[in-house]
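Comments concern the structure below.
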Amino acid sequence: MIRIEAVTKRYPDGTVAVDRLSLEIPDRAITVLVGPSGCGKTTTLRMINRMVEPTEGSILLDGRDIRQQPVNTLRRSMGYVIQNAGLFQHRTILDNIATVPRLLGWTKQKARTRAAELMERVGLDTALAKRYPYQLSGGQQQRVGVARALAADPPVLLMDEPFSAVDPVVRKGLQDELLRIQDELGKTIVFVTHDIDEAIKLGTKVAVLRTGGRLAQFAPPAELLSAPADSFVEDFLGADRGIRRLSFFPSAELELQTAPIVAIDAGADQLASRATAPYLLVTDLDGRPLGWSEPDRLTAGAVDRDRLLDFGRPFVPGTDSLRTALDGAVLSPTGWAVAVDGEGRAVGVVSQQVIGEAIRAAHGRVAEQADVKAGR
């Protein structure tokens, strides 16, 4: 979809923002540009829709140089989302979303119908349609920004640090929403961020840029974490890149135990049969975890919920990664992670030791695949 060929952006004072950058941005995928301040990631994004003109090199869209298109036509063919949404404060939410379709000549009714559909797609209550941006939270405004960018169904979506101004909880929700929308629509997305965790979570491929606008590495997130190109990339990824890498290892093959699980109404015989376990996970009558307890602290039919130990963060086998499972075990005072199904019911427990063995096995499989690929 987009090919950047030896592009340089040099300003009149001699400052080089982007230096001989070449990238082939894959179709129907999220490509993330990440790097420190001054690395040219936002400049690169703006050159794609000609908000900034390159000094040298060329950018091709579907094999055609973008300079062969009228600039307004080019920009209207691309969705654009910025930090703080950039909404028109004097327009309602519905009319904000309908902006580009109206510019393209759609009737008001058709544009507003499309806008209402997109409100639902990005997780906005349609009751907000007649409100104004100042009446919405920061997260809601960013959802409006995404909906507006998608309104005319552009094949390309450019996103310049769109979630950086909201709090971590809202940011995670927006990231998850973007992944869901991308799974449904399959746009070609170029996403700028300074947050390596966000880049790894969202990116199909990640371009790490150095200060001065030079490409350091362009690779899928798992490859980036396992094989940084040099010390700059390694330092930028941070000291905990090994933990981040666990996000790409599935938890489906973890060996779960069910014996240490008892319901809150468990009888004396059932508790006695599990007395050798160091801890028991107590669930409610629907099977949802309540907390851990040492067996000798449990009394049949009279469990004191207030004395139960926190069960940490549960994980869903096959859906969540080994990183999530390990996180659950580390957060639990017992050192055991709790596995739940999609409804939150406990389906098993697993120890840090077993998770560690699964991590070593996963590393071994990756090494074997690398040997096969290399012909060793």
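Relative contact order of the stretch 261-358, taken over Cα pairs closer than 8 Å and 6 or more residues apart, is 22 percent.
Note on Tyr132 and Ser164: the model spin-label points, each 7 Å out from Cα along the C-beta direction, lie 2.9 nm apart. Extension gain, Lys373-Glu255: 0.36 nm per intervening residue step, less the Cα-Cα distance, totals 39.6 nm. Which whole-number percent gives the relative contact order of the chain, counting Cα pairs below 8 Å spaced six or more residues apart? Computed value for the chain: 15 percent relative contact order.
What is the gain in length, in nm to one decimal, between His194 and Arg345 on full extension, counting 0.36 nm per residue of separation less the C-alpha to C-alpha distance?
Values: separation 151, 0.36 × 151 = 54.36 nm, distance 3.73 nm.
Stretched fully, the His194-Arg345 segment lengthens by 50.6 nm.
What ranking do His194, His90 get, fewest neighbouring Cβ atoms within 10 angstrom at the top? Working shown, then result.
On the way: His194 16, His90 9.
Starting with the residue having the fewest Cβ neighbours, the order is His90, His194.
Of Lys41/Lys201; Lys41/Lys205; Lys110/Lys130; Lys187/Lys373, which pairs sit farther than 20 Å apart, going by alpha carbon to alpha carbon? Where the Cα-Cα span goes over 20 Å, the pairs concerned are Lys187/Lys373. Return the single residue from Val366, Val347, Val170 with maximal mean-square fluctuation; model: Gaussian network over the chain, springs between Cα atoms under 10 Å. Highest fluctuation among the options: Val366. Taking 0.36 nm per residue of sequence separation and removing the Cα-Cα distance, the Asp286/Arg91 pair yields an extension gain of 65.4 nm. Could you calculate the FRET efficiency of Ala263 with Glu223 from 1/(1 + (r/R0)^6), where r is the beta carbon distance between them and R0 is 56 Å, rounded to 0.05? Computed FRET efficiency for Ala263 and Glu223: 0.80. Shown is the FRET efficiency for Arg64 and Arg313, computed with R0 = 41 Å from the Cβ-Cβ distance and rounded to the nearest 0.05: 0.25.
Distance between the 7 Å Cα→Cβ label points at Glu120 and Asp230: 5.2 nm.
Bear in mind these aren't lab numbers, they're just calculated from the coordinates by the rules spelled out. In this text the structure is predicted, and so the values were computed from the model without any measurement. Quick reminder, even Gly has a Cβ in these numbers, built from the backbone with ideal geometry, and neighbours come from all protein chains shown.
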